[in-house]
Amino acid sequence: MSVLVWVCFSVGAVGVLLTWMSVIGTLIVPRPTRSVVSEVTGQVTAKLFLALTKPVTAYETRDRILAWQSPMSLFVRLLVWVALFDISFTLLLLPFVGDDMWKAASEAGSAMFTLGYAAPSNVGNTALVYAAAITGLIVIGLQVGYLPTLYAAFNRREADVTLLVSRAGSPAWGPEILVRTRYGMAAQDGTTELGELYRTWERWAAEVAESHSTYLTLMWFRSPAPYSNWLISLLSVMDAAALQLSLSPESVPNTRARLVLRMGFTCMNQVARAIRIRVEDDVDPDVPLEVSFGEFREAVELLRAVDFPLEVTAEQAWPHFRGWRANYEKVAYSLAYAIDAPPAMWSGPRRFVYEPVRPHRPLNRTAKEVRPDDPQLIARRRRPDLP
């Protein structure tokens, strides 16, 4: 029996060590680290919410349910850490309490949760009880300190996602960014405006690459509005840059557009690798896209309707657009599938059946939908003297 007790002591020591490595790696180490506890709790929570949302057909309802997934994952992970420490310290205390499992569990629980009802009786279990008490305090303190960091990164991410709604609609779509920029700045050159947008989102993508690959839970934190999403927003900005580079090669803010594309697919690749999605380093630019030429041509016609400065035809631009989008389409679709992103245009398949949702456009005072391709609106833009 004494041999078995010391075997339990050894198992408890290993349990404490491994659990501490999981806590420190997840909450303190500023880079992606593999934590079995975090992975298992995340997968179990994801499967539970997948089962809950499987019969749900309305996306808004599905989004409301999935908004709880990431916070619940954090809560479950904390419970698992505390439980593992409690079990491990119980096993460590066994040799010092006369092989009494109940007494060992009582002393470990009393120390871990700072209840103080079970006082230690000798030097051995006194040291372990103090260690258990300190462990409980540190784990809770680290988790409490972790949440402000997590939500600060979430708030920084969502500020620019929310700002993009007026530029790209909801859900965001690349062609819509170019349409609204042209329509809203008809009497001005929108090149500078788009250049500033690309600059902002290049930096945004760098911040998201760092924060979301370090704190993986952030990927599943959903935006306050059901059709807003960090990944769909980034994809729309990248599509806008790829469209402008391929359709307006002379007037595009070339450096800014190329930089946001580069940083954008670097961000996607880094985040995808962190959650073990396979990423291809060298992509063939001639690989077929999921977005068809017909869909691309429809977007070009939408731009033509608002007199966006198109310098080449859709047929001439298509190989260049395909070459740009091939770098990020596959990984973007994989991430959108993994996080159940809103069913936006040009954003790939989901776990649920859906029809792609076009960006919502506001109504004017006459309750008529404002469309950039409306002939009357185009005529008024060209002739300010018209009523």
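The values are calculated or read from the model by the stated rules, or taken from the named source; none is laboratory data. All values reported here derive from a predicted model rather than from experimental measurement. Here the Cβ is made from the backbone with ideal geometry for all residues, glycine too, and neighbour counts use every protein chain on show. Protein only, heavy atoms only, side chains kept; ligands, DNA and RNA dropped before computing areas. Shrake-Rupley method; radii C 1.70, N 1.55, O 1.52, S 1.80 Å.
Which is in contact (Cβ under 8 Å) with a residue 40 or more places away in the chain, in a helix (DSSP H, G or I) and open to solvent by less than 70 Å² (accessible area, probe 1.4 Å), of T135, T126?
When all the criteria are applied, what remains is T135.
Going by the conditions given, is W102 assigned to a helix (DSSP H, G or I), open to solvent by 40 Å² or more (accessible area, probe 1.4 Å) and closer than 21 Å to I140 by Cα?
No; evaluated as a whole, the condition is false for this residue.
Among the listed residues L74, L52, L48, which satisfies the condition of being surrounded by 15 or more Cβ atoms within 10 Å (Cβ to Cβ) and not β-branched (V, I, T)?
None of the other options fit; the residue is L74.
Looking at this structure, is V161 at pLDDT below 90, open to solvent by less than 40 Å² (accessible area, probe 1.4 Å) and assigned to a helix (DSSP H, G or I)?
No; evaluated as a whole, the condition is false for this residue.
Mind listing whichever residues of region 308-328 are open to solvent by less than 50 Å² (accessible area, probe 1.4 Å) and either assigned to a helix (DSSP H, G or I) or closer than 18 Å to T181 by Cβ (or both)?
F308, L310, A314, A317, W318, F321, G323, R325
Within region 57-68, is even one residue among the small types (G, A, S) and surrounded by 14 or more Cβ atoms within 10 Å (Cβ to Cβ)?
Looking for residues that are among the small types (G, A, S) and surrounded by 14 or more Cβ atoms within 10 Å (Cβ to Cβ), one finds at least one in region 57-68, hence yes.
With respect to R31, determine if the residue is farther than 30 Å from P171 by Cβ, open to solvent by 60 Å² or more (accessible area, probe 1.4 Å) and in contact (Cβ under 8 Å) with a residue 12 or more places away in the chain.
yes
Taking the condition over 17 Å from the mean Cα position of the chain (by Cα) and open to solvent by 60 Å² or more (accessible area, probe 1.4 Å), does V3 pass?
yes
Taking the condition buried (at least 18 other Cβ atoms within 10 Å of the Cβ), among the charged types (D, E, K, R) and over 27 Å from R34 (Cα atoms), does D239 pass?
yes
Count, please, the residues in region 272-295 that happen to be out of contact with any helix residue (DSSP H, G or I) (no Cβ under 6 Å at 6 or more places or on another chain), over 25 Å from G42 (Cα atoms) and outside any loop (DSSP other than H, G, I, E, B).
2
Tell me, please, whether a residue that is outside any helix (DSSP H, G or I) and either closer than 16 Å to A341 by Cα or in contact with an Asp or Glu (Cβ under 8 Å, 6 or more places away or on another chain) (or both) can be found in region 201-221.
There is at least one residue in region 201-221 that is outside any helix (DSSP H, G or I) and either closer than 16 Å to A341 by Cα or in contact with an Asp or Glu (Cβ under 8 Å, 6 or more places away or on another chain) (or both).
Under 7 Å by Cβ, and 6 or more places apart or on different chains, what pairs join a residue from region 284-306 that is β-branched (V, I, T) and modelled with pLDDT under 90 with one that is in a helix (DSSP H, G or I) and open to solvent by less than 40 Å² (accessible area, probe 1.4 Å)?
Going by the 7 Å Cβ cut-off, the qualifying pairs are V306/V179.
Would you be able to tell me the number of residues in region 246-258 that are open to solvent by 20 Å² or more (accessible area, probe 1.4 Å), under 22 Å from L289 (Cβ atoms) and in a helix (DSSP H, G or I)?
Qualifying residue count for the region: 1.
Checking the structure you have, find out if any residue of region 261-281 is more than 23 Å from the chain's Cα centre (by Cα) and either open to solvent by 20 Å² or more (accessible area, probe 1.4 Å) or at pLDDT below 90 (or both).
no
Among the residues of region 219-236, how many are charged (D, E, K, R) and open to solvent by less than 20 Å² (accessible area, probe 1.4 Å)?
Total satisfying the criteria: 0.
I'm told T33 meets every condition in (1) more than 30 Å from A127 (Cβ to Cβ); (2) not in a helix (DSSP H, G or I) except one. Can you identify the failing condition by its number?
(1)
Could you please tell me which pairs satisfy a Cβ distance under 6 Å, a separation of 6+ or placement on different chains, a first residue in region 63-78 that is free of Cβ contacts under 8 Å to residues at least 40 places away in the same chain, and a second residue that is part of a helix (DSSP H, G or I)?
Here the result reads I65/L52; I65/T53; M72/T45; V76/T41; V76/T45, each pair linking region 63-78 to a residue that is part of a helix (DSSP H, G or I).
Among the residues of region 167-181, is there at least one that is modelled with pLDDT under 95 and surrounded by fewer than 19 Cβ atoms within 10 Å (Cβ to Cβ)?
Within region 167-181, not a single residue is modelled with pLDDT under 95 and surrounded by fewer than 19 Cβ atoms within 10 Å (Cβ to Cβ).
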